[in-house]
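Quick notes on the structure that follows.
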Amino acid sequence: MQAPHALLAVGWLIPPVPPRGSTRLVYGVEPTARWPKGSDPSKLLSPAVELADPLYELRYRENPASVAHICAENAYLDSAMAQDAGWRSAIAEMDELLKEFQPASRQPPSGFQEDLLWHRGSDTAGWEYARRKIFPNGWEQPFPQFVRRRVGSADVQLVLDANRAPALLPSEDCDYSPSGCEACEATQATVRGISAFVPSPDGSFVAYTVDTSGEESFSLMIARLRDDGILPAAMSPFHSVHGVDVDVRWGYSVGAAATSLFYATMDSTGRPYQLHRLDLRTDSVRTDASSTLVFEERDSRYRLAFRRSADGSRLLVDLRSRDSSETWAVRIAEAPGVDLRSRDSSETWAVRIAEAPGTLEASGTVDVGSTAGRLSLGWRCLGERRPGSSYEAEFWADAPYWADASGTPTRDGAPGTPTRDGCYVVIDTSENTLYTLAASVEMSGRSSEISGDQSGDQMSGRSTWQPVTIETEGTLQGAAASDAHDGAFGETSLLGLQCFKSFVALECRRDGAAELLLWNGDVSPSAVSSAWRRLGGYELERWTHELLSNADEAARSARVAAATLGLQSAGQWSLQLSAPDEQRYRSDAPRLEISTPIDPPRVFECSLRLRSHDRGTTSDADAAGFDSRSAGFHSQDLTLRLLHQTPLPRGFDRSKFACGRLWAVAPDGVRVPISVLAKIPAATKGAAPETRAALLFGYGAYGTCTDPGWDAERLALASTGIVAAIAHVRGGGEMGRGWHAAARRETKAISFSDLEACATALCDAGLAARGGVALEGRSAGGLLVGACLNLNPSAYCAVLASVPFLDAAGKLQDASLPLTANEWEEFGNPNERTGHLSVLGFSPVHNVVPGEVYPPCLLLPAFNDARTGFSEALKFAHYIRTNGAPIEAQQAFVRTDMGGGHFRPANPDARRADRALEYGFVLHHCRRALARCSPQATSQEPAPPAPPAPPAAGSEGNVGGGGGLGTAHTLIYRAVQASDVEAVGRLRTLIFSPHLVTIGSQYLQSRLYADALAHKAAVIVAVDADGTLWGAADLASLPCEGGGVCGYITNVCVAPAARRRGIGGRLVDELEIVAARSDMRAAVLHVDIDNVAARELYITKGYTPGCDDRELAAAAALVPSAGTESPEQLLMTKLFRVEGSLI
């Protein structure tokens, strides 16, 4: 499809113009609304407020005009890149660096053997699984192979190859594919990659999900494995379900005869809300499948997720909004096989049917087949939802939970009988408190239905929660921590947990960094200090170096490197527990992953010596080397075993890089941390400090923590000399829950002022030049950088925003869009009285500053994005271009990924190409900013940056083409030459005839302008050393009635990207010199009456409005106005000679 409006014109591209409409959005009470405008009707605006949105129709993918505009924007960007040699060079440079730092689809070095990370997951049949990228043929492929082996065996079986069908799905599986655009259709042709891979517990089946369109609407595929583990030759799943959420979990099984699988489906907004159980029954001929609805969440603010407990005995359903949560639990019926809760791994047991989930009926029973009969439902609510209160819960099957004979929990540590039912461990993340809940006091659900709209004390398990005192290095925490400093300075902020047989691992944060807390379950006050063990990143980082290098030298080098840039070395790591499916519940050896910005990820198995509660048997902890006679954790209690390490990039030298923390001070006095990664500048004696530019990344929403771990892409950018920084602004969770709460809803603007302060801090610390900071944001981070950009457009040299959230007021007004109802609790509801002004006040699309020249912006939406619509980026770019500043100065580019969704491509080659474009854009404009800031640039007149389009092929002369000039060059002002004529004609066509949109009309007008040059008294051009044209103006000789001549200055034009650099004024000065030397009485010119800036410029040069000399005025009146848009023009005059005297 040809891209309309993206036409080449005199070294510049005319930006596409989006289709406009007359839609008016209603904020507040709307009786005819099909979707609720808020959770509480009494809070809605009344009367409603209507606002026009002329680009509203752009959001519809089915609209041909929308698709045509997207294609035009993509073509506009492609043409700009094709004609800007500097940008192309930066993209090529980044592509090579990304290949070096994160290679893909290559042949590894000779003799290389991939180190596979094996895990057992929920398997009970003695299998363990892994992913491999290096195949037996020695080549690395874009997507992994899923393999398995028997525990203790070296024989590896291939289960599924993600590079082949059925992971390769045809485009007809997509819900929508735009037609008419070849680029779109080519991108939509195939989809590769597997999102979730889940083998059945008995190893007979494999289930996996694939996103066929990028819309996060997945297809669930189920296939039966052959005896050798490989899928059938045709690799065709025997059953599939479309339109499901990403995760699946296996339930109970009776050998290969009957197996259950759980999956979730979504409503029309893409919200997971229903849980289904798929029952598979297999005989010697075929496998049958039947599905049953087992749970439903009806509140549109809550999203449903589900998982199996660590020991595999429970199915847990988590219902979450942005403000609160609720968890339900049920036992999973199990059949012959290994009892996951058994102390003897070899123990098997006969068929036993426990409580099984099913659709609630009036009788409270469900029929799951003749084998099980009619079973009672076992759904339990662990704690009812409450506004402003969220919690995390996990079942601990082997908890040493003490209770008296009546089953009432006791907290005094008195001897009693440990329960056989285990307990739930609960973290109230809102109160920052740890609780336990006995499984024997789970609360039952209603007998009539399973729904998320329940209320009342009969649904609550909170009344039975028992608080646990946490020991954190001398500080007892039995209640909520301070909101203001939670997780910031010394406090511990609890985030999540995983249970193992003999202890619980809690993920937490302190001093802005991730840490782990381990608890052995002892609740007696006398055992608080011995029941807890802290694993800080400092300690793990030291142990990591001990395994791989000299710890003292490595730590010293890191501190010295950080100090050279004025940074603190503290808190620069990413630490997290491995995914639950990769843990082994009974091993008591949690797996954890740690990395730093200059150390690639390492996965460790962490063996601990901890107190073992005597139950009359020998625990697996003792067999693994733990001391059951200990009173608590040992002082020398931890052993790390390296399981997997990401290879270092070829030739990578960590000593050339430094990472550390910098603090910014926000306007309200709060200190905001910044994580910095930079290449250490080479020390040169007597040299001035190196001038740097920086890319500042920010997110700042949902309490998400952006830890400074290994990122090979950021490291590649840093290797160019650009400082890569992460601003941990409020709204995120890096400094605890209070950090998140400080920038939500009506106080969201705090995030934006924090980011401004971080950019200023980088400049103050000498890590970036003034005007040399670029911003990057993704998704909700797009809102952050877009709003910050509107606060001060001139402060930044470039903006990069991927799948950006930019139309906050438009999206949050409409609850029919995905995530909208869920987002009201995070950003505010513009339909409500309290949220309307705040959302409209920060929505980037609605706050573009009139008349301001914005820095170059690269906006990258995705056509199939189910979270942030592609129209948001298109709107923002259009409003920047039309804000009243010269349109040629606004370099706002949009590239829509026609086959992508919200997340980056799974294919590493495609991802590398995307990142090369993005970081190439940043690198190019950061270098331009540094060139403007350099000492050489201030000592002489700088050449303007090259606009992104050269002259048409085969033409003579050059208009702002090529790769631009270095800042040491100056422009040359001289008389026009034959080689300049055609370029001058094209430049004038762009400036004076913008209404011409066809190539033919532009060509003819250019020829007319070029031919007219022969009749001028003088033509002055501004060119660089390469002959590239940046501006032109001419002088006509007009005879006066009383004798003599005057000079008429006309057709002053400057290339769009070179404006506001004084070139036009210099051209006028040169023509005045020519006029004076030619004995002309005066210089006269016309200026648009509405062009106040031009009038003021000419007044400063000695021109006066009007003309008292009737002869001069008569002469000037003979010349038609040069402007075609504004016939009302003002004559201005500058006299050279009066009665023979030179003025």
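The values are calculated or read from the model by the stated rules, or taken from the named source; none is laboratory data. What you see is a predicted model, and the numbers here were worked out from it, not measured in a lab. Cβ coordinates were reconstructed from backbone atoms using ideal geometry, including for glycine residues, and neighbour counts include every protein chain displayed.
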Exercise. Exactly one condition in (1) within 24 Å of the chain's Cα centre (by Cα); (2) crowded, with 24+ Cβ neighbours inside 10 Å is not met by His846; state its number.
Key: (2)
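Of the residues Ala1058, Ala1017, Ala1033, Ala1075, only one is closer than 23 Å to Ile972 by Cα and modelled with pLDDT under 80; which?
Every option except Ala1058 fails the conditions.
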Practice problem: Evaluate the following for Glu832: is it crowded, with 20+ Cβ neighbours inside 10 Å and out of contact with any Leu (no Cβ under 8 Å at 6 or more places or on another chain)? | Solution: no
Quiz item: strands (runs of 3 or more DSSP E) wholly in the stretch 198-307 with at least 3 residues that are surrounded by 17 or more Cβ atoms within 10 Å (Cβ to Cβ), of a type outside the set (Asp, Glu) and modelled with pLDDT of 80 or more - which ones?
Solution: 205-211, 218-224, 239-254, 258-266, 272-282
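Do the conditions hold for Pro804, that is, is it buried (at least 23 other Cβ atoms within 10 Å of the Cβ), part of a loop (DSSP other than H, G, I, E, B) and not aliphatic (A, V, I, L, M)?
Yes: the conditions hold for Pro804.
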Quiz item: Restricting the stretch 308-323 to residues that are outside any strand (DSSP E or B) and under 24 Å from the mean Cα position of the chain (by Cα), which is modelled with the highest pLDDT?
Solution: Ser321
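Scan Ala664, Ala724 and give me the residue that is in contact (Cβ under 8 Å) with a residue 24 or more places away in the chain, more than 26 Å from Ile91 (Cβ to Cβ) and either β-branched (Val, Ile, Thr) or assigned to a strand (DSSP E or B) (or both).
Ala664
Got a number for residues in the stretch 737-764 being outside any helix (DSSP H, G or I) and either aliphatic (A, V, I, L, M) or more than 25 Å from Ser390 (Cα to Cα) (or both)?
Matching residues across the stretch 737-764 total 2.
Conditions tested, residue by residue: (1) within 19 Å of the chain's Cα centre (by Cα); (2) in a loop (DSSP other than H, G, I, E, B); (3) in the same structural domain as Thr989 (by TED's automatic domain parsing).
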{"position": "Trp824", "(1), (2), (3)": "no, no, no"}
{"position": "Leu859", "(1), (2), (3)": "yes, no, no"}
{"position": "Ala866", "(1), (2), (3)": "yes, yes, no"}
{"position": "Leu874", "(1), (2), (3)": "yes, no, no"}
Exercise. Give the residues of the stretch 38-74 that are out of contact with any Pro (no Cβ under 8 Å at 6 or more places or on another chain) and of a type in the set (Gly, Ala, Ser), sorted by residue number.
Key: Gly38, Ser39, Ser42, Ser46, Ala48, Ala52
Practice problem: Working carefully through the options Ala916, Ala889, Ala906, find the one that is touching a residue at least 12 places away in the same chain (Cβ under 8 Å), surrounded by fewer than 20 Cβ atoms within 10 Å (Cβ to Cβ) and more than 29 Å from Asn847 (Cα to Cα). | Solution: Ala906
Quiz item: Which of the following residues is out of contact with any Phe, Trp or Tyr (no Cβ under 8 Å at 6 or more places or on another chain) and either among the aliphatic types (A, V, I, L, M) or in a loop (DSSP other than H, G, I, E, B) (or both): Leu677, Leu784, Leu767?
Solution: Leu767
Practice problem: Please indicate, with yes or no, whether at least one residue in the stretch 810-819 is assigned to a helix (DSSP H, G or I), of a type in the set (Gly, Ala, Ser) and surrounded by fewer than 23 Cβ atoms within 10 Å (Cβ to Cβ). | Solution: no
Practice problem: Considering each of Ala968, Ala1012, Ala975 in turn, give the residue that is modelled with pLDDT of 80 or more and of a type in the set (Gly, Ala, Ser). | Solution: Ala975
Quiz item: Taking the condition acidic (Asp, Glu), at pLDDT below 90 and assigned to a helix (DSSP H, G or I), does Glu100 pass?
Solution: yes
Exercise. Please state which of the following conditions Arg1066 fails to meet, knowing it meets all the rest: (1) at pLDDT 80 or above; (2) in a helix (DSSP H, G or I); (3) touching a Leu at 6+ places or on another chain (Cβ under 7 Å).
Key: (3)
